[in-house]
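These notes concern the structure reproduced below.
Read-outs throughout are calculated quantities, based only on the coordinates presented, and are distinct from any laboratory measurement. All figures in this text were calculated on a predicted structure; none of them were measured in a lab. Ideal geometry is used to build each Cβ from the backbone, glycine not excepted, and the neighbour counts take in all protein chains shown.
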Amino acid sequence: MPAVLPVIECHRDEVWELPAKAEVIAWSDRTGIEMFKYGDHMMGIQGHPEYTKDILLHLIDRLLQRNFIVDSIAVEARARVEELEPDREMWKKVCINFLKGRL
């Protein structure tokens, strides 16, 4: 695991407790459980490593069009999205290494 691995988080859902045999493998200032594994075959990731800037911008537009957020929130969210771009290749390596039992 790299020491730092940015991930897009776009909601406030979080895991607070794990089953007895699960192990926390990553945490952040936002949540104590960013990633966990349960044995060698199950891994949970709090954020969305599959998301890109384009996906987030599309979500913001959909929320705005449906009046779930106001213009000022959309403007702020779009500005924050411009700062994001997770390392998709590193996330791919982490997931592959997990599946190969090397995490």
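What are the residues in the range 11-31 that are of a type outside the set (S, T, N, Q) and either within 19 Å of Val94 (Cα to Cα) or touching an Asp or Glu at 6+ places or on another chain (Cβ under 8 Å) (or both), if any? It would help to see each step written out before you state the result.
Kept after step one, since they are of a type outside the set (S, T, N, Q), are these residues of the range 11-31: 11-27, 29-30.
Within the range 11-31, Ala22, Glu23, Val24, Ile25, Ala26, Trp27, Arg30 qualify.
Determine whether the range 72-83 contains at least one residue that is loosely packed, with under 12 Cβ neighbours inside 10 Å and in a loop (DSSP other than H, G, I, E, B). Yes, because at least one residue in the range 72-83 is loosely packed, with under 12 Cβ neighbours inside 10 Å and in a loop (DSSP other than H, G, I, E, B). Restricted to the range 20-65, and to residues there that are of a type in the set (Ser, Thr, Tyr) and outside any strand (DSSP E or B), the residue that is surrounded by the most Cβ atoms within 10 Å (Cβ to Cβ) is Tyr51. Do we find that Met1 is assigned to a loop (DSSP other than H, G, I, E, B), surrounded by 12 or more Cβ atoms within 10 Å (Cβ to Cβ) and touching a strand residue (DSSP E or B) at 6+ places or on another chain (Cβ under 8 Å) in this structure? So Met1 passes the test.
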